[in-house]
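To keep things clear, I will list the structure first and then write my remarks on it.
Coordinate-derived values only; no laboratory data. This structure is a prediction, so every number in the text was calculated from the model and none was measured. Heads up, the Cβs are rebuilt from the backbone with ideal geometry, glycines too, and the neighbour counts pull from every protein chain shown.
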Amino acid sequence: MGRPRMFDEEQVLRAARDEFWQKGYAATSLDDLMKATGLGKGSLYGAFGDKRQLFLKVLSTYAHETSDGVCDAVSSSDRAIDVLRSFFIPGPPDPVAEHGGPVATTRGCFLANSSTELAARDPEVTSCARTTYQSVEDCFTAAVARAVAEGDLPDDTNPRELGRLLLTIQQGLQFLLKTDMTPEAMREVGRATVDRLLPVKS
């Protein structure tokens, strides 16, 4: 039997994620990862494989947390329209903000950043991103359909079309965060999204 791991795997993955998130995959060295996680090379690679395998593990964990966070928020909401609006209007702590809410971090979305850097040469990264964004789109689409059924959006609303548009706007906001877009401008975009696409029904 192998020796039990003497570290908290979740904590190590978070530390590695933050290092990759801050610097990008290529610029993150083994020394950076060792310093961030507190593990030696043998422990790090013994547990997770090489740098790429560690990165893919981190990315997969982040992706699942992102899609699960969005879908859980949607499914647990009393009114679908309220949770859809919450993704674009800053308010109380957002249950999915850490994993991809539009005002989560000036670092942008870790998944989007990784896709931009690596998708052209790493099909596993592309596949992870496509699967995750499809899941989020599906959750947005289901929420839009619920909002229509609950009488908060017009009957002629196309749930898939609006769900995909909301995902596109959300990811656009994530990208703009990296350009130092001001909080005021972010709020304006969020408010415009809600007013035009998710209006309060009179």
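For n ≥ 4 DSSP H runs only, could you compute -39500 (n - 2.57) per run for the chain, divide by its residues and tell me the 222 nm figure to the nearest 500?
Here the helix-only value at 222 nm equals -21500 deg cm²/dmol.
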What order, most packed first, do the peptides 149-160, 61-72 have when packing is the mean number of other Cβ atoms within 10 Å of each residue? 61-72, 149-160
Where no second cysteine Cβ lies under 4.7 Å, the cysteines concerned in the chain: 109, 128
Between beta-carbons, use under 14 Å as the cut-off and find the net charge around residue 41, counting Lys and Arg +1, Asp and Glu -1. -1
For the chain, state the semi-axes of the equivalent ellipsoid (square roots of 5 times the eigenvalues of the alpha-carbon gyration tensor), sorted largest first and rounded to whole angstrom. 36, 17, 15
Find which of 139, 163, 112 sits farthest along the positive direction of the dipole of the range 109-165, computed with +1 on the beta-carbon of Lys and Arg, -1 on that of Asp and Glu, about the Cα centre. 112
